[in-house]
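Remarks on the structure that follows.
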């Protein structure tokens, strides 16, 4: 459902939420090494997210990336929308060109429930919520 870039963005942003702050900024190299994502790819993702004000960055010797309190209260759906757009949540899971409630594919109704629940959770839960889950061991980004 999500492309590799969105998956890397989600993992990177959650890692920032867990480990970075305004006083402890992290470089994309460090984050990429920790979450095992190719550095040039993650650097490009972080630059794009920063330009859209979904994460923050500063330049210079003590520069790097971090999330403000406002960004921590944002949701992962905004990250996905910025990187991928939301069309992947509208397309047929089996790749059929004409799939809808009126003309469903073999798993349309099953996927529709999954998609709606996923969208709801991605909108409702904050980035900080996902970071808390990872910090407490309920989930993992590695």
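Each reported figure results from applying straightforward, stated rules to the coordinates on display, with no laboratory input. Model, not experiment: these values are computed from the prediction. Virtual Cβ from ideal backbone geometry, glycine too; neighbours counted across all protein chains shown.
Where does each of 59-72, 30-43, 101-114 land if you order them by average Cβ count within 10 Å, highest first?
Values: 59-72: 14.1, 30-43: 16.5, 101-114: 12.5.
My ranking of the peptides, most packed first, is 30-43, 59-72, 101-114.
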_Range of Cα positions in the range 39-87 per principal axis (Å), largest first_ = 39, 27, 14
*With no solvent and one point per C-alpha, what does the Debye sum give as log10 I(q)/I(0) for the range 22-142 at q = 0.14, 0.21 Å⁻¹?*
-0.74, -1.26
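Order of 1-11, 86-96 by packing, highest average Cβ count within 10 Å first?
On the way: 1-11: 17.9, 86-96: 12.5.
Ranking, from highest mean packing down: 1-11, 86-96.
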_Distant alpha-carbon pairs in the range 89-142 (separation over 19 angstrom), percent_ = 46 percent
*For the range 1-77, what relative contact order do you get, as a whole percent, if you take Cα pairs closer than 8 Å and at least 6 residues apart?*
35 percent
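Please compute, over every Cα-Cα pair in the range 1-88, the percentage with a separation greater than 16 angstrom. Don't skip to the end; give the middle numbers.
Details: 1766 of 3828 pairs.
Cα-Cα pairs of the range 1-88 separated by over 16 Å account for 46 percent.
Only Cα pairs under 8 Å and at least 6 apart count here; give the relative contact order of the chain as a rounded whole percent. Provide the component values of the computation, followed by the final result.
On the way: 172 pairs, mean separation 43.8, N = 142.
Once divided by the residue count of the chain, the mean separation gives 31 percent.
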